[in-house]
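So the structure is just underneath, and the comments pick up after that.
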């Protein structure tokens, strides 16, 4: 038996013991699982609930115009471009200003203990009948659990609206930057970052996935704004840059990546589904199995319900019994939670999770697989968020040094303590022996790369090749009028950012570029080649 299989066997054995100890005296009602998911949200006091402030404003939000109608388009759209006039008119209209004002109101806290939370409960039955709640329901700004209510069928209807608000914040940042207000642009983006951070504390993977992805993109956009300013007049002051660095601080501030927990709602969704479609201590209940499973498979595509029902109708006999299903479900949940508490560099995280093994036999473990998602992507996004957060703080601190002194520091440590409280470790760098915390790599092209050329060679600009999965590959030459800040990336090697690829699984030899921001370089290339107007 391999080490991985021994580990899985021990997890299942522990889960089996727990299952026997916690066997309910009678079948739990559907409402009990929903109540458990909503219980943490009920603890947020009404005056601390951000949803009661932002959702009424978002209910009146107008759709973004073409050209800035997705976050990917909106973050690239240049001031003065083909879509710009319509974009600015949209961003300046009263409904959109109301959203920006509402988000600012709920993200002003500087201490995480005073931060507001998005406390809307899940399911229509829990929302109440106040005018504000009725407006949210009419605008489809709630989580629909269907009828009968199933957590596994949850549709978070507000997430598409959040995407539209993300477009609004990218347009707003570009507008403020064009007006010569880079610090205001960056702080507006941080407001939206902190709202997304509130969503990261919600109960379901789908919500956290949106939140982490949005925070990663917004942090890069903050650097993009400041890079554009640094290349065009340096209107942001050192004090303004330091204030943003402090606002992004994690221990006391709202960001607090270490405080993000693995969402528990999906686990309750899976337990509810087991209780709904399986006979306790028995097997699948054929009379509800096919109907329920086909409903879950077609939550977003109801017209496919008939075909899915036919597919599921013959599969109930192959499914594992209640004991095995419950044991394996609890084992999968326990293993993901154990992994969440471990360092990115822990070798346990390199092993395939138990979820991968049960995925090979879908017909046997369908109740688990259709209700409890693979959490692996959250681990990856949380790690990239750490890289982006550390990189953004240090990039802005180094930029503040440049603005204040007129030159670049000799090394990254010189930014401390005036521009950043402490120099943090590169989250990708695995060198942690004897308490080491190696920082991200910093250098000034030509000044610090001269030693890479022979005595009789002329020092050349630094050649940087940018490889992006969703943008054209770029080749950039950098001189000594700017600095380079990079993480060692997935391979943990110091490669002088000659090739960069900002993904979790970049091939060996490629680093993760923080400065200059990849977004800025991509926009510059698209504009120069006429692909972005």
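Assorted remarks:
Residues checked against (1) in contact (Cβ under 8 Å) with a residue 12 or more places away in the chain; (2) in a helix (DSSP H, G or I); (3) touching a helix residue (DSSP H, G or I) at 6+ places or on another chain (Cβ under 6 Å):
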| position | (1), (2), (3) |
| --- | --- |
| 214 | yes, yes, yes |
| 222 | yes, yes, yes |
| 236 | yes, no, yes |
| 251 | no, no, no |
| 262 | yes, no, yes |
| 266 | yes, yes, yes |
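- Looking across segment 192-205, the residues that are part of a helix (DSSP H, G or I) and out of contact with any helix residue (DSSP H, G or I) (no Cβ under 7 Å at 6 or more places or on another chain) come down to 194, 198.
- Taking (1) buried (at least 19 other Cβ atoms within 10 Å of the Cβ); (2) over 30 Å from residue 227 (Cα atoms) in turn, residue 157 satisfies each apart from (1).
- Candidate set from segment 128-143 (those that are modelled with pLDDT under 95 and not in a helix (DSSP H, G or I)); member that is nearest to residue 298 (Cα to Cα): 140
- Total residues in segment 47-97 satisfying the condition of being touching a helix residue (DSSP H, G or I) at 6+ places or on another chain (Cβ under 8 Å), within 19 Å of residue 526 (Cα to Cα) and loosely packed, with under 14 Cβ neighbours inside 10 Å: the figure is 2.
- Breaking point among (1) touching a residue at least 12 places away in the same chain (Cβ under 8 Å); (2) crowded, with 18+ Cβ neighbours inside 10 Å; (3) more than 21 Å from residue 514 (Cβ to Cβ), for residue 369: (1)
- Residue in segment 433-442 that is outside any loop (DSSP other than H, G, I, E, B), closer than 18 Å to residue 399 by Cβ, at pLDDT 95 or above and not assigned by TED's automatic domain parsing to the domain that holds residue 522 present: no
- Any hit, segment 158-180, residues being touching a residue at least 12 places away in the same chain (Cβ under 8 Å) and not in a helix (DSSP H, G or I): yes
- Note on segment 474-499: residues that are surrounded by fewer than 16 Cβ atoms within 10 Å (Cβ to Cβ), more than 17 Å from residue 519 (Cα to Cα), free of Cβ contacts under 8 Å to residues at least 24 places away in the same chain and touching a strand residue (DSSP E or B) at 6+ places or on another chain (Cβ under 7 Å) amount to 0.
- Considering segment 69-109, the qualifying helices (runs of 4 or more DSSP H), each wholly inside and each with 1 or more residues that are over 17 Å from residue 55 (Cα atoms) and in the same structural domain as residue 163 (by TED's automatic domain parsing), run over 71-76, 84-92.
- For residue 125, the stated conditions hold: it is at pLDDT below 95, farther than 16 Å from residue 167 by Cβ and out of contact with any strand residue (DSSP E or B) (no Cβ under 9 Å at 6 or more places or on another chain).
The values are calculated or read from the model by the stated rules, or taken from the named source; none is laboratory data. Computed from a prediction, not measured in an experiment: that's the story for all the values here. Neighbour counts run over all protein chains shown; Cβ positions are idealised from the backbone, glycine included.
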